[in-house]
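Each remark here refers to the structure printed beneath this line.
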Amino acid sequence: DSGVTQTPKHLITATGQRVTLRCSPRSGDLSVYWYQQSLDQGLQFLIQYYNGEERAKGNILERFSAQQFPDLHSELNLSSLELGDSALYFCASSETFLNTDTQYFGPGTRLTVL
Amino acid sequence: QQPVQSPQAVILREGEDAVINCSSSKALYSVHWYRQKHGEAPVFLMILLKGGEQKGHDKISASFNEKKQQSSLYLTASQLSYSGTYFCGTASNAGGTSYGKLTFGQGTILTVHP
């Protein structure tokens, strides 16, 4: 158990819908990262927040957005869902924003878009 | 750009050794190694920093060759529990908006048989 929690564990929805994935980092960690893992794309970095501020951005679609709240939990919002958005979405956390920090991964949310 | 891992897959008998390589075309600042079991979260193994250090714990160790921009993960006397997909995540010290970002390789599937 990494100490990172994610809800829900599974999500099944239809194309065109909007969903919100939630992540609580390990106690004391200030950075939260979101990754998408699909069969053909591997682990893709989406976005990083540090202490409430966006810190680094990957190839995140415009239909996706994220935020980190004052209590440091983070939410990833996915809208206008398409079949190709079906994937495992992982949240990770680390102490600071440095790329030398260990990133601890949560159990993931499996999103299925029908 | 995504680092390249080799081999793509390897099959071992218990007690055999394996080496997994991770190569990047970009200058690297740190390399992070993870193991992932099917459907589970990636589990952190170790971080190597620019400077060519070698790290290890138990029977798993890794090295970082700065000149070649390559890292290698060494698994010795493999156990059944070593089975899984191994990912390297690389970070450059590009700064700016890329600072915390990890770019993951496509993974190496390791299967250990009794």
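Bear in mind that the values in this text are calculations on the coordinates, not laboratory data. Not measured: the values here are computed from a predicted model. Positions of Cβ are backbone-derived with ideal geometry, glycine not excepted, and every protein chain shown enters the neighbour counts.
About the Cα centre of chain B, what is the dipole size in debye to 20, counting +1 per Lys and Arg Cβ and -1 per Asp and Glu Cβ, all else neutral?
320
Over the residues of chain B, compute the C-alpha Rg and express it relative to 2.2 N^0.38 Å.
That ratio works out to 1.03.
So which residue, out of B:ILE11, B:ILE47, B:ILE60, gets the largest mean-square fluctuation from a GNM of chain B using Cα contacts under 10 Å as springs?
With Cα springs under 10 Å in chain B, the top fluctuation among B:ILE11, B:ILE47, B:ILE60 is at B:ILE11.
How do A:ARG22, B:ARG13 rank when sorted from fewest to most other Cβ atoms within 10 Å of their own Cβ?
B:ARG13, A:ARG22
Summing Lys, Arg as +1 and Asp, Glu as -1, what charge do residues with Cβ under 12 Å from the Cβ of A:PHE64 carry, A:PHE64 excluded?
Around A:PHE64, the charge tally is -1.
What Kirkwood hydrodynamic radius, in Å, does chain A give when the mean of 1/r is taken over all pairs of distinct Cα atoms and then inverted?
Details: mean 1/r = 0.0720 Å⁻¹.
After inverting the pairwise mean of 1/r, the radius is 13.9 Å.
Calculate the FRET efficiency for A:THR13 and A:SER65 from the Cβ-Cβ distance with a Förster distance of 25 Å, rounded to the nearest 0.05.
The calculated FRET efficiency here is 0.90.
In the protein assembly as shown, if the dipole is taken from +1 on Lys/Arg beta carbons and -1 on Asp/Glu beta carbons about the Cα centre, which of B:ALA9, A:SER27, A:VAL113 is farthest to the positive end?
B:ALA9
Lys and Arg at +1, Asp and Glu at -1: add these up for the other residues within a Cβ distance under 14 Å of A:ARG55 and post the number.
Working: positive: A:LYS57, B:LYS101; negative: A:ASP29, A:GLU53, A:GLU54, A:GLU95, A:ASP101.
Once positives and negatives cancel, what remains is -3.
Please give the charge dipole size of the protein assembly as shown, origin at the Cα centre, charges +1 on K and R Cβ atoms and -1 on D and E Cβ atoms. Round to the nearest 20 debye. Before the final figure, lay out the partial values.
Details: 18 positive and 19 negative charges, 54 e Å.
With Lys and Arg at +1 and Asp and Glu at -1, about 260 debye.
Taking 1 over the mean of 1/r across every pair of different Cα atoms in the protein assembly as shown, what Kirkwood radius in Å do you get? Mind dumping the intermediate values first?
Numbers: mean 1/r = 0.0558 Å⁻¹.
By the Kirkwood definition, the hydrodynamic radius is 17.9 Å.
What lysines does B:LYS101 reach when the alpha-carbon gap must be under 25 Å and sequence neighbours fewer than 8 apart in one chain are set aside?
List returned: A:LYS9, A:LYS57, B:LYS26, B:LYS37, B:LYS50, B:LYS55, B:LYS67, B:LYS68.
With a sphere of radius 9 Å drawn around the Cβ of B:GLY84, what net charge do the other residues whose Cβ falls strictly inside it have (Lys, Arg +1; Asp, Glu -1)?
+1
Give the span of the range B:25-86's Cα atoms along each principal axis, as three whole-Å numbers ordered largest to smallest.
Principal extents (Cα only, largest first): 34, 25, 15 Å.
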